[in-house]
1. Would you point out the residue of segment 113-138, among those that are acidic (Asp, Glu) and in contact (Cβ under 8 Å) with a residue 24 or more places away in the chain, that is surrounded by the fewest Cβ atoms within 10 Å (Cβ to Cβ)?
2. Which of the residues spanning segment 25-35 are modelled with pLDDT of 85 or more and open to solvent by 60 Å² or more (accessible area, probe 1.4 Å)?
3. Of the residues that make up segment 139-148, is at least one open to solvent by 30 Å² or more (accessible area, probe 1.4 Å) and within 18 Å of Phe80 (Cβ to Cβ)?
4. In segment 46-57, what count of residues is obtained for those that are within 17 Å of His144 (Cβ to Cβ) and surrounded by fewer than 16 Cβ atoms within 10 Å (Cβ to Cβ)?
5. Which of (1) at pLDDT 90 or above; (2) over 29 Å from Asp78 (Cβ atoms) does Val141 not meet, given it meets every other one?
6. In segment 100-121, is there at least one residue being under 15 Å from the mean Cα position of the chain (by Cα) and under 20 Å from Ala41 (Cβ atoms)?
7. Looking at (1) within 26 Å of Glu133 (Cβ to Cβ); (2) open to solvent by less than 90 Å² (accessible area, probe 1.4 Å); (3) touching a residue at least 24 places away in the same chain (Cβ under 8 Å), which one does Val68 not meet, given that it meets all the others?
8. Report whether or not Thr110 is more than 19 Å from Tyr153 (Cα to Cα), of a type in the set (S, T, N, Q) and surrounded by 10 or more Cβ atoms within 10 Å (Cβ to Cβ).
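The values are calculated or read from the model by the stated rules, or taken from the named source; none is laboratory data. As the structure is a computational prediction, the values presented were derived from the model and not from experiment. All Cβ positions, even for glycine, are placed from backbone atoms using ideal geometry, and neighbour counts span all protein chains on display. The protein model used for the area step is the full one, side chains on, heavy atoms only, and it has no ligands, DNA or RNA in it. Shrake-Rupley method; radii C 1.70, N 1.55, O 1.52, S 1.80 Å.
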Amino acid sequence: MNVNRALEKRKLELALKDYHEHLQQKVDEQAQKIRNSYLNAITALAFALEAKDKYTSGHSERVANISVAIGKELALSDSFIERVRIAGWIHDIGKIGIPEAILNKPGRLTTEEFILVKSHCDIGERILQPIIEDDDVLSMVKHHHERYDGKGYPDGLWGNKSLLVPGCSQ
């Protein structure tokens, strides 16, 4: 009986060792699945926006690509550049909350209509808060119309407060 117990114990020890050796691989695989699901959700939101506003079709991808190129020129970290890419894809998602008649209106917008269009920055942040935990991405979405001279919106940030790079944010 002691021999059977010893064999069983050894079998369990080997199984435990094998489990620990493959645990990191399993964790990495699950993390990648979660990341892929996250990116798929972001892509779906970008597609939803483009389906609503055909006029700006491809705009989000162009913004993402140009922003990434600028980030690389500025030698920003790869992880920050990835967040810039994500924000570029979804920066206008708040336009989902703006009536199509205003988004597609020919000619000048009234003051009231322009105020409504400007609200897409706050609407976008509100839409994304339940699925994006990254404050940098949320801030980029909310503040993508800010200007260095303070004449942007929604918060009229100026100077370094209008910049969304590490060490220069508000």
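1. Asp134
2. Gln25, Lys26, Val27, Asp28, Glu29, Gln30, Gln32, Lys33, Ile34, listed by residue number.
3. yes
4. Summing the residues that are within 17 Å of His144 (Cβ to Cβ) and surrounded by fewer than 16 Cβ atoms within 10 Å (Cβ to Cβ) in segment 46-57 gives 1.
5. Unmet for Val141, out of (1) at pLDDT 90 or above; (2) over 29 Å from Asp78 (Cβ atoms): (2).
6. no
7. (3)
8. No, not satisfied.
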